[in-house]
Amino acid sequence: MGELPVRPRRLRSSPAMRRLVTDVRVHPGDLVLPVFVREGLTEPVPVRTLPGVVQHTRETLVATAREAVAAGLGGIMLFGVPVARDAVGSGADDPDGILNVALRDVRDAVGDDLVVMADLCLDEFTDHGHCGVLNDHGRVDNDATLERYASMALAQARAGAHLLGPSGMMDGQVGHLRAVLDRAGRDDVGLLAYAVKYASAFYGPFREAVDSQLTGDRRTYQQDPAASVTEALREVRLDLDEGADLVMVKPGLPYLDVLRAVAEVADVPVAAYQVSGEYAMVEFAAAAGAIDRERVAMESLVALRRAGAQVLLTYWALEAAQHWL
Ligand code: PBG
């Protein structure tokens, strides 16, 4: 062996050395916990496809929100599971609908100590399970859906949400919501745009979490996983032009290339949603003894940060903040 002046291993020689030179850190304040609250529950119900995740009662949701504050989380994202559904998703903009009631509960409990976010989409509230209302041909009607989203946005703003998360991938949704909120004097409420959202099979376990009624698929509005990154950048540009305060890429790990490309062009914070299927794969593989649950979970969060996400939505948010960080 000759001389070897360059030895990268020197910087890996001890935990202190590695800590000194590390670049990517995950902080509790980066993390957002997605939560499900189901109408009419007296006890939380475990979600079979998402080990460790439950459908909350109003009470356990509030307790979880307080835990999130204590753990220093950045935010909480609420999904509502109503008892009754109809064609237009009436429960979504009803002030007494489960999502709006739960938003009020959580906001009352946490004030401004946690960023309170709401999923803004009709799929949990419609009897056909689509993210919008249908026209006579059974297709999702873009512009009619925007009117429903507008009404939902006002209800969520009144219920105390700091950030609304339009996730339905309707054209023009960000601009429309921005205008409606501003006209109502709610320029204080921000938009976390699901700017890039794929028609992904990784959402599988989520369907059980919200008792989804969907029979078909969402390919006429969510993006094709095989589409070019250029399309993703176009969606981001549109949402930025329309006034998005943050842009999100979803799912996370299978789309790190897209996340990186978005992070390079966006001049607002970029979020990544580590979706239900990503979480479930790790949980079930770990339960089978195939992988180290905590290390794989943390590695996946670091990967999302390294690819360019400042904000991470993950079902591990609370556990990561309390035990792993
Ligand atoms: C739509 C919505 C979905 C998810 C978040 N918002 C489902 C879908 O688009 O089909 C999925 C989240 C996850 O899988 O963790 N309201």
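The values are calculated or read from the model by the stated rules, or taken from the named source; none is laboratory data. These numbers were taken from a predicted model, which means no experiment stands behind them. All Cβ positions, even for glycine, are placed from backbone atoms using ideal geometry, and neighbour counts span all protein chains on display. To get the accessible areas, we keep the full protein, side chains included, count just its heavy atoms, and leave off ligands, DNA and RNA. Shrake-Rupley method; radii C 1.70, N 1.55, O 1.52, S 1.80 Å.
Points worth noting:
- Considering (1) closer than 20 Å to Gly74 by Cα; (2) open to solvent by less than 60 Å² (accessible area, probe 1.4 Å), the lone condition that Ala280 does not fulfil carries the number (1).
- Only listed residue being away from the ligand (no atom under 14 Å from the Cβ) and touching a His at 6+ places or on another chain (Cβ under 7 Å), chosen from Gly172, Gly160, Gly190, Gly138: Gly190
- Hey, Arg237 surrounded by fewer than 17 Cβ atoms within 10 Å (Cβ to Cβ) and not in a loop (DSSP other than H, G, I, E, B) or not: yes
- If you go through the stretch 1-23 and keep only what is surrounded by 10 or more Cβ atoms within 10 Å (Cβ to Cβ) and among the small types (Gly, Ala, Ser), you end up with just Ser13.
- For the stretch 215-253, the tally of residues that are within 12 Å of the ligand (Cβ to nearest atom) and farther than 29 Å from His162 by Cα stands at 3.
- The residue that is farthest from Ala209 (Cα to Cα), among those in the stretch 124-147 that are outside any helix (DSSP H, G or I) and open to solvent by less than 10 Å² (accessible area, probe 1.4 Å), is Gly132.
- Candidate set: the stretch 295-325, residues that are in contact with a helix residue (DSSP H, G or I) (Cβ under 7 Å, 6 or more places away or on another chain) and among the polar types (S, T, N, Q); chosen: the one most open to solvent (accessible area, probe 1.4 Å): Gln310
- Residue check for Leu177: under 23 Å from Val45 (Cβ atoms) and surrounded by 24 or more Cβ atoms within 10 Å (Cβ to Cβ): no
- In this structure, Thr60 does not satisfy being more than 30 Å from Ala84 (Cα to Cα) and of a type in the set (S, T, N, Q).
- Residue check, Arg207 open to solvent by 50 Å² or more (accessible area, probe 1.4 Å), within 10 Å of the ligand (Cβ to nearest atom) and either more than 23 Å from Val268 (Cα to Cα) or not in a loop (DSSP other than H, G, I, E, B) (or both): yes
- In the set Thr42, Thr64, Thr57, Thr49, only one residue is open to solvent by 40 Å² or more (accessible area, probe 1.4 Å) and hydroxyl-bearing (Ser, Thr, Tyr); that residue is Thr42.
- Taking the listed residues Arg260, Arg219, Arg234, the one that is farther than 20 Å from Pro34 by Cβ, in contact (Cβ under 8 Å) with a residue 12 or more places away in the chain and out of contact with any helix residue (DSSP H, G or I) (no Cβ under 7 Å at 6 or more places or on another chain) is Arg219, with no other qualifying.
- Candidates Asn135, Asn100, filtered to the one that is in contact (Cβ under 8 Å) with a residue 40 or more places away in the chain and polar (S, T, N, Q): Asn100
- Selection status of Val26, surrounded by 14 or more Cβ atoms within 10 Å (Cβ to Cβ) and within 24 Å of Asp127 (Cβ to Cβ): no
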